[in-house]
Amino acid sequence: MSTTVISEVLEKAKRAKQAAASLALLSPAEKDRVLLAMATAIEANVPAILAANARDVKQAEERRRSAAPLDRLLLGEQRVKEMAEGLRDIVRLTDPVGEIITGWRMPNGLEIAKVRVPLGVIGIIYESRPNVTVDAAGLCLKSGNACVLRGGSDAINSNIALVNLLTQTGIPAGLPEGAISIIETTDREAAGQLMRMDQYLDVLIPRGGHDLIQRVKREATIPVIETGEGLCHVYLDASADPKQAEDIVVNAKCQRPSVCNAAETLLVHRDAAAKLLPTIGRRLTDLGVELRACDRSIRYLEGARPATEEDWSTEYMALILSVKVVDSLEEAIAHIGRYGTRHSDTIVTQDLSNARRFTRAVDSAVVYVNASTRFTDGGQFGFGAEIGISNQKLHARGPMGLAEMTTYKYVVYGSGHVRA
């Protein structure tokens, strides 16, 4: 590994550790002042941000990137303005730091409080979504955490421009130097180096596809919160309302197919297949969706191609949907358990008993009844911007907002107490 790469990562990790101590002491008003200054600066520099993004898009096109990563990379004026508004949304949220989660008084007079505190220094490794840069910086700041960001090489110009703007604006407004930084080298080994900075980083969060997440899990010496990988299912029960079923399937697949909460597999009860699949299939096909169907569903889906075993475990992140007819609710649950990623899954049903069985048995971070999987999002849950969607069980699960960016400590008050 290049000494230059090691030097950059080490220096930024050290500075983040130093900044975290100061950042944890900022008051809610001081943090909000910085966030508002950053939001104003983003809106005032839209042309410069778009120019940096245009260089990234051009390079990605030259590398023949597919539609999904290009969609995640591309910024427009509206997306940039949404970044600024996202920071203002964070300002409007309650600061979690210092919250007393619970407290009690012991018989011996000791007073014990469980208090919410920042995690410390968070490393975030993500792929080509420049909006993550601003969301991550804002959430980390509000929750009192320093952050070291390592975005994908496709978005390097956008990310550097955004972080430079945030720090140049934030530091005069009270942001500790080093509290927000980005690894500027595109050398792949920089990510590996960051994964081993356990002396300085407290938590590592990967946001991206399967390969990225698996690499971080293998190589990191820092505690990891997994996010991002989503193989989401829609199950149409025998009693599903046809209009609800059609609208939910179309929304879950087509509203934005390149994101982790988009549906990838449609499961349909055998008693509803003939009634639901022809209409849903035509609407999906009209919207450009390629259908990959099992041998029982393909007869109802004009133009569908046969599904393979690989299809059931593929996160397409594109206008492709696998379709399978199942004999029972139990078979649908078993399929989700075998192939899903514990992200977001939904049942469409008018049977309350089946809805309850589904929500109890499906072991995903978010389980829906009669709603699209596309609602798995910090903003849609009322959290403001999110750091990602966690599909693991420790320490956070589902959309990660401000509370999930903190841990806790116990503060104990005595009056000269000693233990006998």
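Rule-based calculations on the coordinates, nothing more; no lab input. Note that the structure is predicted; figures quoted are calculated from it, not measured. All Cβ positions, even for glycine, are placed from backbone atoms using ideal geometry, and neighbour counts span all protein chains on display.
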### Task
Obtain the nm distance between the two label points defined at ALA361 and LEU10 by a simple spin-label model: each point lies 7 Å from its Cα along the Cα-to-C-beta direction.
5.5
### Task
Only residues of segment 388-416 count here: report those whose backbone N is under 11 Å from the spot 7 Å along Cα→Cβ of MET106, or say none.
412-415
### Task
Could you list which residues have their amide H under 5 Å from that of ALA240, counting only those 5 or more apart in sequence or on another chain, with H placed in the peptide plane?
GLN350
### Query
Given the chain, what percent of its DSSP beta bridges are antiparallel, to the nearest 5?
30
### Query
If we count other beta carbons within 10 Å of each Cβ, what is the order of HIS335, HIS395, fewest first?
HIS395, HIS335
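Normalised by the residues of the chain, what does the relative contact order come to in percent, with Cα pairs under 8 Å and at least six apart?
18
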### Summary
Taking VAL97, VAL121 and counting other beta carbon atoms within 10 angstrom, the fewest-first order is VAL97, VAL121
### Query
Want the number for ALA51 to GLU309: 0.36 nm per residue separation, take away the alpha-carbon distance, what's left?
88.5 nm
### Task
Any aspartates and glutamates with Cα under 13 Å of the LYS81 Cα? List them, leaving off those in the same chain fewer than 8 positions away.
GLU43, ASP89, ASP135
### Message
Run the reach check for LYS114 against lysines, Cα to Cα strictly under 28 Å, same-chain hits fewer than 8 apart removed. What comes back?
### Response
LYS17, LYS31, LYS142, LYS393, LYS409
### Cα-centre dipole for segment 232-375 with unit charges at Cβ (Lys and Arg positive, Asp and Glu negative), debye to 20
220
### Loop sites in segment 152-217: GluC sites (Glu not before Pro), DSSP, at most 14 other Cβ within 10 Å
GLU177
### Query
Under a point spin-label approximation (7 Å from Cα along Cα-to-Cβ), what is the LEU352-SER328 distance to one decimal in nm?
2.4
### Query
Looking at ASN354, LEU26, MET38, which one has the Cα that reaches farthest to the positive end of the dipole of the chain (charges on Cβ: Lys, Arg +1; Asp, Glu -1)?
LEU26
### Using a Förster distance of 25 Å, the FRET efficiency for LEU394-ILE160 (Cβ separation, nearest 0.05)
0.15
### Query
Does segment 232-375 come out rounded, prolate or oblate by the C-alpha gyration tensor, with a ≥ b ≥ c the root eigenvalues, rounded set by a/c under 1.5 and, if not, prolate when a/b is larger than b/c and oblate if not?
rounded
## Note on the structure
Given unit charges at Cβ for Lys, Arg (+) and Asp, Glu (-), the dipole magnitude of segment 1-62 about its Cα centre in debye, nearest 20, is 300
### Task
Note the full-extension length gain between ALA44 and ARG196 as 0.36 nm times their separation in residues minus their Cα-Cα distance, in nm to one decimal.
51.0 nm
### Query
What is the extension gain from ALA371 to SER27, computed as 0.36 nm multiplied by their sequence separation minus the C-alpha to C-alpha distance, in nm to one decimal?
119.9 nm
### Message
I'd like the Karplus ³J(HN,Hα) series for segment 127-141: coefficients 6.51, -1.76, 1.60, θ = phi - 60°, whole numbers in Hz, and an x wherever there's a Gly or Pro.
### Response
9, 7, 10, x, 5, 4, 4, 6, 4, 5, 4, x, 5, 5, 4
#### Entry: Estimated 222 nm signal from helices in the chain, with DSSP H stretches of n ≥ 4 weighted -39500 (n - 2.57), rounded to 500
-13000 deg cm²/dmol
## Note on the structure
1/(1 + (r/R0)^6) with r = Cβ-Cβ of GLU77 and ARG296, R0 = 56 Å, i.e. FRET efficiency to nearest 0.05, evaluates to 0.75
## Note on the structure
When the charge dipole of the chain is computed with +1 at the Cβ of Lys and Arg and -1 at the Cβ of Asp and Glu, the Cα pointing farthest to the positive end, of TYR413, LEU165, MET83, is that of TYR413
### Hits among lysines - C-alpha to C-alpha of LYS275 under 18 Å, sequence gap 8 or more where chains match
LYS243, LYS324
## Note on the structure
If R0 = 22 Å, then VAL115 and ALA173, at their Cβ-Cβ distance, give a FRET efficiency to the nearest 0.05 of 0.25
